[in-house]
Amino acid sequence: MSHRNAPLSETGRLRLARCVVDDGWPVRQAAQRFQVSVSTAARWAGRYRDEGAAGMADRSSCPRTSPLRTPTRIERRIVKVRVARRWGPARIAFLLGLNPSTVHRVLTRYGLARLRHLDRATGEPVRRYEHPRPGDLIHVDIKKLGNIPDGGGHKVRGREQGHRNSSAHRDPSRPRKTHGRPNLGYSYLHNAVDDHSRLAYTEILTDETKETATAFWGRAQQFFAAAGITVTRVLTDNGSCYRSFLWRDTLTAAAITHKRTRPRRPQTNGKVERFNRTLLDEWAYARPYRSETERREALPHWLHTYNHHRGHTALNGLPPASRVPNLTGQYN
């Protein structure tokens, strides 16, 4: 393919060559007529004599020989380490005593996928999917999150003061951790994310029992119903609350099919796992909160921003609201 500043296309080269070969134009005159150098005109005329019109096609600019190219034996070792250990260019280069840029070029040359595009367990390329309509599949998961003591943790007061502050507010009925740091208790983020639109519903609850998880799902289903979304399937991991009869009977009564991920394969529930990471990065750890109450009060605003305003890369930079026609409930 010609570069954008090339003075001649394949058609232009053929016209130039025919002027020289078929019509007998001097090379210099043809070069001046087509606004190219004499050597360029002579090259295309020579190719036309030898190969005809087929010689006007673009050719690779790669050299015929590359004396400094990485030997095939080294390239095979690079590929072998990548496939066997699933390492990046820097680690492979350290092991084999090479430059990371050299390893990267070899991996690119052989068309090996980036590590983030591979399944960690099998090394196979990740198969991504998206259901065609909102409600076809809802991803549900629970994220455990440590509480913040009043006055703030070490990010606000410094590490030593944060530990003393934590000890002062520790519930004496709860045992200390065995490695010396006080146990402040945990919150449990129950999350539900729609597969098609990425619309999310989150609650901060006190535990992950079957009763709590089932009650959360009832409120989440109402949230999706208010947005005009009818849920038909729910995907969870194999946590005990999701294997309970209470959870099963609740979904069955609502005519919802329950699917569970394969053991030790959290990437199957990847959309809610990715939401968990976004939730931690952009809300839970986004700034140094001075109390757990302050952090919890910031959640509704962040969740509204996520659903209505924050651009999502999988949605071409649009927010989840762009795929939910009745998110505001105005058509109920």
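Okay, here's what the table says:
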{"item": "Partner aspartates and glutamates for Lys210 [C-alpha distance under 16 Å; skip if fewer than 8 residues away on the same chain]", "result": "Asp141, Asp237, Asp249"}
{"item": "Residues in segment 90-104 that a label on Ile74 would reach, taking backbone N under 15 Å of a point 7 Å out along Cα→Cβ", "result": "90, 92-104"}
{"item": "Trypsin sites (Lys or Arg not before Pro) within segment 238-293, DSSP loop, no more than 13 other Cβ atoms inside 10 Å", "result": "Arg264"}
{"item": "Gain on full stretching of the segment that runs from Leu95 to Leu246 - 0.36 nm per residue minus C-alpha separation", "result": "49.1 nm"}
{"item": "Calculated P(r) tail over 11 Å for segment 10-56, as whole % of Cα pairs", "result": "56 percent"}
{"item": "Chain lengthening between Arg260 and Thr11 when straightened (0.36 nm per residue, less Cα-Cα)", "result": "83.7 nm"}
{"item": "Dipole moment magnitude, nearest 20 debye, segment 19-67 about Cα centre, only Lys, Arg, Asp, Glu C-beta charged", "result": "200 debye"}
{"item": "Potential extension, Glu282-Ala84 segment - 0.36 nm per residue separation minus Cα distance", "result": "67.8 nm"}
{"item": "FRET efficiency for Tyr186 and Arg28, using Cβ-Cβ distance with R0 set to 51 Å, rounded to 0.05", "result": "0.05"}
{"item": "Student exercise, segment 218-332 dipole from Lys, Arg, Asp, Glu Cβ charges, in Debye to nearest 20", "result": "480 debye"}
{"item": "P(r) tail fraction, segment 72-117 - alpha-carbon pairs more than 14 Å apart, %", "result": "37 percent"}
{"item": "Estimated distance in nm for a label pair at Arg18 and Cys62, the labels positioned 7 Å out from Cα along Cα-to-Cβ", "result": "3.4 nm"}
{"item": "Nitroxide proxy distance, nm - points 7 Å out along Cα→Cβ at Thr305 and Arg274", "result": "2.0 nm"}
{"item": "Förster radius 45 Å - calculated FRET efficiency between Arg49 and Arg133 (Cβ-Cβ, nearest 0.05)", "result": "0.10"}
{"item": "Ranked list, fewest to most other Cβ atoms within 10 Å of each Cβ, for Val83, Val27", "result": "Val83, Val27"}
{"item": "Asp207/Gln35 FRET efficiency (R0 56 Å; Cβ-Cβ; nearest 0.05)", "result": "0.10"}
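None of the figures in this text is laboratory data; all of them are computed from the coordinates on show. Here the structure is a predicted model, which is why all the values come from computation and not from measurement. Neighbour counts run over all protein chains shown; Cβ positions are idealised from the backbone, glycine included.
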